[in-house]
Amino acid sequence: MIKKRIILDADTGIDDALAILYAIYCPIIQLEGIMVGFGNTSMEQAADNTLRLLALAKPKQEIPVILGATKPLVRPRGEYTVHVHGENGIGNIELPTTSQQPTTEAAAEFIVRMANENPGELTVVTMGRLTNMAHALELDPNLTTKLKRVVVMGGAVHVPGNVTPVAEANLWGDPEAADLVFTSGVPVTLVGLDVTLKTRITQQQLDILTRVVRPEHKQVAEFMQSAMRHYFNFYRQTNYFLDAAPLHDPLALMVAVHPELVTYQKMKVRVECESSLCAGMVVADLRPIPKVGSEIEVCIDVHAEHAVGQFLSVFE
C-alpha cells in the first residue's frame, strides 16, 4: 500500500483534534509532522493540546510537533474562539500530560527542509490560519514547485461566512497570509464552508461508534464524545443544528487522501485584505472569462454521507 505523506498545520481546536486522530489511524496516511499556530487558541495551547492528543492516540511512531506562528503576518491578532472550542481549545476536556516536547525547529523551517528532502511527495493540510505556510513561502519562494499540494480548510465562495457575512474564520484570521499562499503558484485545493457545512457528524453516530469501537480506541471515542458536546452546543445556537456539527478540518484531510469525496471547480480567486467589512473574503471571478486572481481548485459539492462514514471507519 502506497501511503499519502501528510503534514498537518493545526490550531488545535475540537475539529482539528478529530482530524489529527483520523490522520493517526487512517491506514493510507503517513503523518510526517504536525505544525501548530494561533487561531482557535494560542499557539502554545495548540501545541499542548496536540501533544496530549498524541499521547492519547498512542501512534506507532513518534510524530513531531513543530511550533509556528503566534500572530498574523501584518495585522493584530483577534480574540481566541473560546465560545466555539472552549477555554483550552478542546471543549475544556483535560487530557493527561505527556513527556513528548515540541521540536526546536520552527514550522517554516520544518516545511522547507521536508520539501527539499522529499520534493513532490508531501501534501500540507492547513486547518487554521495560513500564516505558517506564508512564512515558509517567504523563506523559500521555490517551495511552490516542491510541494505536491496544499489543501486548505477555509473560505466560502457560494455560501455565507461564519465570522462575518462573507469571511470564514481561518482566512479572516490572517487574510494577507491566505492571499500570499493562493497567489504564490503552489497547487491549492480549497475545502471551504461550501462543503464542510454539509458534512456533519451527529450525536447518534458518536453513540454508535462508542458501542462498536475497537477496544484500543475506546479512550479516543470517549474523548470525542466529551469534546463534541461543546461543539454541538455551539452549532445548535448558531446554525440550528440539532446534536450535529460539521467536520470542517477532518473533511479537508479526507479530501487530501480521498479526492473522490468532493466535486471540484477551478477558479481564479483573491482574498480581500483592504476592506474592514469584507476582510478574509474569497473573491472568486465567476465570469465566463475570468481575469482576476490566481487559479486554485475549489470544492463545490461533497458526498457528505460517504465522508462521515469514511471518518468513522478508521476508529471501528
Taking 8 Å as the Cα distance limit and 6 or more residues as the minimum spacing, I'd like the relative contact order of the range 137-193 as a percentage. 49
Inter-probe distance in nm under a simple model that places probes 7 Å from Cα toward Cβ, at K266 and Y240: 3.9
Excluding residues fewer than 8 places away in the same chain, name every one of the aspartates and glutamates whose C-alpha is closer than 13 Å to that of K71. D11, E44, E79, D174, E176
Over all alpha-carbon pairs in the range 92-198, figure out the percentage whose distance exceeds 22 Å. 39
Which of the peptides 213-219, 54-60 is most tightly packed, and how do the rest follow, going by the mean number of other Cβ atoms within 10 Å of each residue? 54-60, 213-219
Cα centroids of the range 265-280 and the range 125-151: how far apart, whole angstrom? 18
Near L18, within a Cβ-to-Cβ distance under 13 Å, what is the net charge of the other residues, with Lys and Arg +1 and Asp and Glu -1? -2
Sorted by average packing, counted as other Cβ atoms within 10 angstrom per residue and highest first, what order do 185-195, 302-312, 127-137, 249-259 take? 127-137, 249-259, 185-195, 302-312
Just from the alpha-carbon atoms, what are the Rg and Dmax of the range 39-115 in angstroms? 13.8, 40
Debye-sum result for the range 110-155 in log10 I(q)/I(0), which assumes one identical scatterer on each alpha carbon, at q = 0.20, 0.25, 0.33, 0.34 Å⁻¹: -0.59, -0.90, -1.32, -1.35
Taking R211, R149 and counting other beta carbon atoms within 10 angstrom, the fewest-first order is R211, R149
Gyration tensor over alpha-carbon atoms, the range 207-316, equivalent ellipsoid semi-axes in Å: 35, 19, 11
Find how much the distance from T103 to T183 grows on full extension, using 0.36 nm per residue of separation minus their present alpha carbon separation; answer in nm with one decimal. 25.8 nm
Please report, in cubic angstrom per residue, the volume enclosed by the convex hull of the alpha-carbon atoms of the chain. 125
Using the basic label-point model (7 angstrom from Cα toward the beta carbon), what is the Q61 to Q203 distance in nanometres? 4.1
Leading residue at positive end of dipole, the chain (Cβ point charges), from P187, Q310, G155: Q310
So what's the projected area for the range 1-134, the Cα convex hull averaged over all directions, in nm²? 8.0
For the chain, give me the percentage of DSSP beta bridges that are antiparallel, rounded to the nearest 5 percent. 40
Considering Cα pairs under 8 angstrom that are at least six residues apart, work out the relative contact order of the range 4-313 and quote it in whole percent. 19
Quick check: from the Cα gyration tensor, does the range 1-53 come out rounded (a/c under 1.5), prolate or oblate? prolate
Of the listed links K60/K148; K60/K146; K4/K266; K198/K268; K4/K291; K148/K218, those spanning more than 32 angstrom between alpha carbons are K4/K291; K148/K218
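Read-outs throughout are calculated quantities, based only on the coordinates presented, and are distinct from any laboratory measurement. Just so it is clear, the model here is predicted, and its values are computed rather than measured. Here the Cβ is made from the backbone with ideal geometry for all residues, glycine too, and neighbour counts use every protein chain on show.
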